[in-house]
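The values are calculated or read from the model by the stated rules, or taken from the named source; none is laboratory data. The structure presented is a predicted model; accordingly, all values stated were derived computationally and were not measured. Glycine gets a Cβ as well: all are built from the backbone with ideal geometry, and neighbour counts include every protein chain shown. For the accessible areas, the whole protein counts, side chains as well, though only heavy atoms, and no ligand, DNA or RNA atoms are used. Shrake-Rupley method; radii C 1.70, N 1.55, O 1.52, S 1.80 Å.
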Amino acid sequence: MKISEDRRKMLKIVTMYYEQGLTQAIIAKKMGISRPVISKILQQAKESGVVSISIKDESAYAVELGLRLEQKYQLDDVIVVPTNEQKQSQSVKKEVSRIAAFYLKERLNVEMNIGLSWGTTLADMIDEMPYSSFPTINIAPLVGGVSSEHLYFDTNHLVFRLAEKLNSRCQYFYAPALAESIELATVLNKSQLVSKALEQAKHVDFAIIGVGNPNESSTWKRLGYIEANELQIIKETGVKGDAVASLFDKNGQTVNNEISQRMLGIKVEDLVNIPDVMVIGCGEEKAEGIKPLLIGRCCSILVIDQTIAEALA
């Protein structure tokens, strides 16, 4: 088949660039053409279909999903952990925790104030954190503590463990995550200890939180903090998820029901004023709880698995 001189020139240039790995500057010299012209011909080759670029890596789809979510929800960073039928849920959860730990490690700086919520995902992330030394970093809890029998998930314990891993400073939140009554929560919120803890929590510059879906799966529910009658209240008041000290609606706003009023800690509305908020999640059921936070602009970074990403895309 006869081809035009322009077409032959284009094929020669793309072969040298993509197949032989020559730089645009070298090709320009060989062809006697300026470098901007070489760049223009390469772009024309892509636009006309002469060159089709495909990324051959199992993670490429996950990266593309992350970029779509960044654009759709105006996020700073989205890391999507690939999943497939062969991967067990525990394996995926461990990988999400490992990636979150690695991401945090890369973001650490000497003047950092880190805030932690509570739950299994954060506990797993801290397990994956390597030891390092940042004595000027401060770590603070974003919510009150849970009972000693559930110490592994407790925010004060998580703060202590991360501070131990980073050789850094930490504070504690000397109050329960869920008060027995609204009256008790009101009294505690007025106390100097809780007021100070809340002030510290609101002024962290990097918050790390988990998200629950009390309608499906939540640490609150699993540990028995929410009773059957309270689950009914949750369903009747339009709750879509829980994070920090809030049960929130489809728009990422705190639902002011009896349970939310008993929760001690910062509310999802406070997350909007924190420079970086990283949400860690695993399991498709978490998508229903994460989406409202994205709508409410309550987070800037996601570390999630592929099933959540697909549900949010």
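If you take the residues in the range 169-179 that are in contact with a strand residue (DSSP E or B) (Cβ under 6 Å, 6 or more places away or on another chain) and not in a strand (DSSP E or B), which one is modelled with the lowest pLDDT?
Ala177
I want to confirm something. Restricting to the range 133-151 and keeping residues that are modelled with pLDDT of 95 or more, surrounded by fewer than 23 Cβ atoms within 10 Å (Cβ to Cβ) and not β-branched (Val, Ile, Thr), which single residue is nearest to Ala207 (Cα to Cα)?
Step by step, filter the range 133-151, then rank; the result is Asn138.
Among residues belonging to the range 274-288 that are under 11 Å from Gly210 (Cα atoms) and modelled with pLDDT under 95, point out the one that is nearest to the chain's Cα centre (by Cα). Before the answer, list the steps.
Taking the range 274-288 and keeping what is under 11 Å from Gly210 (Cα atoms), we get 277-282, 286.
After this cut, where a residue has to be modelled with pLDDT under 95 as well, the list is 281-282, 286.
Numbers: Gly281: 7, Cys282: 10, Lys286: 12 Å.
Of everything passing the filter in the range 274-288, Gly281 is nearest to the chain's Cα centre (by Cα).
Scanning for something of a type in the set (Gly, Ala, Ser), part of a helix (DSSP H, G or I) and modelled with pLDDT of 95 or more, does the range 289-303 turn up at least one residue? Steps first, please.
Initially, the range 289-303 is screened for residues of a type in the set (Gly, Ala, Ser), giving 289, 296, 300.
Then keep just the ones that are part of a helix (DSSP H, G or I); that gives 289.
This time we only want the ones that are modelled with pLDDT of 95 or more, so: none.
No: the range 289-303 contains no residue that is of a type in the set (Gly, Ala, Ser), part of a helix (DSSP H, G or I) and modelled with pLDDT of 95 or more.
Among the residues of the range 152-208, which ones are of a type in the set (Asp, Glu), over 16 Å from Ile266 (Cβ atoms) and open to solvent by 30 Å² or more (accessible area, probe 1.4 Å)?
To start, the set of residues in the range 152-208 that are of a type in the set (Asp, Glu) comprises 154, 164, 180, 183, 199, 205.
This time we only want the ones that are over 16 Å from Ile266 (Cβ atoms), so: 154, 164, 180, 183.
Result: Glu164, Glu180, Glu183.
For residues that are farther than 28 Å from Leu104 by Cβ and either modelled with pLDDT of 90 or more or not charged (D, E, K, R) (or both), tally how many sit in the range 201-245.
Applying the first criterion (farther than 28 Å from Leu104 by Cβ) to the range 201-245 yields 215, 224, 226-239.
Add one more test, that the residue is either modelled with pLDDT of 90 or more or not charged (D, E, K, R) (or both), and what stays is 215, 224, 226, 228-229, 231-234, 237-239.
Residues meeting the conditions: 12.
Every residue in the range 68-90 that is assigned to a helix (DSSP H, G or I) and either at positive phi or open to solvent by 60 Å² or more (accessible area, probe 1.4 Å) (or both), please. If you could, list the steps in order and put the result at the bottom.
Here is the first cut: in the range 68-90, the ones assigned to a helix (DSSP H, G or I) are 68-73, 89-90.
Arg68, Gln71, Lys72, Ser89, Gln90 - these are the residues of the range 68-90 that are assigned to a helix (DSSP H, G or I) and either at positive phi or open to solvent by 60 Å² or more (accessible area, probe 1.4 Å) (or both).
If a residue has to be out of contact with any strand residue (DSSP E or B) (no Cβ under 8 Å at 6 or more places or on another chain), in a helix (DSSP H, G or I) and among the aliphatic types (A, V, I, L, M) to count, how many in the range 93-140 make the cut?
3
Considering only the range 254-261, I want to know if a residue exists there that is under 14 Å from Gly210 (Cα atoms) and either open to solvent by less than 10 Å² (accessible area, probe 1.4 Å) or not in a loop (DSSP other than H, G, I, E, B) (or both). Give the steps one after another, and end with the answer.
Let us first name the residues in the range 254-261 that are under 14 Å from Gly210 (Cα atoms), namely none.
No, because not a single residue in the range 254-261 is under 14 Å from Gly210 (Cα atoms) and either open to solvent by less than 10 Å² (accessible area, probe 1.4 Å) or not in a loop (DSSP other than H, G, I, E, B) (or both).
Is it fair to say Leu198 is part of a helix (DSSP H, G or I), at pLDDT below 95 and not β-branched (Val, Ile, Thr)? Before the answer, list the steps.
Numbers: part of a helix (DSSP H, G or I): yes; at pLDDT below 95: no; not β-branched (Val, Ile, Thr): yes.
So Leu198 fails the test.
What number goes with the only condition from (1) in a helix (DSSP H, G or I); (2) closer than 18 Å to Gly281 by Cα that Phe160 does not pass?
All conditions pass for Phe160, except number (2).
Which residues, counting only those in the range 15-42, are surrounded by 12 or more Cβ atoms within 10 Å (Cβ to Cβ) and within 40 Å of the chain's Cα centre (by Cα)?
Hits for the range 15-42 are Tyr17, Tyr18, Leu22, Thr23, Gln24, Ser39, Lys40, Leu42.
Taking interchain pairs and intrachain pairs at least six residues apart, which have beta carbon atoms under 8 angstrom, with the first residue in the range 62-76 and closer than 19 Å to Pro292 by Cα and the second open to solvent by 90 Å² or more (accessible area, probe 1.4 Å) and in a loop (DSSP other than H, G, I, E, B)?
Glu70/Asp76; Gln74/Arg297
Please enumerate the residues belonging to the range 298-309 that are open to solvent by 10 Å² or more (accessible area, probe 1.4 Å) and over 12 Å from Cys282 (Cα atoms). Working first, answer last.
In the first step, residues of the range 298-309 are kept if they are open to solvent by 10 Å² or more (accessible area, probe 1.4 Å); the result is 299-300, 306-307.
Residues satisfying the conditions are Cys299, Ser300.
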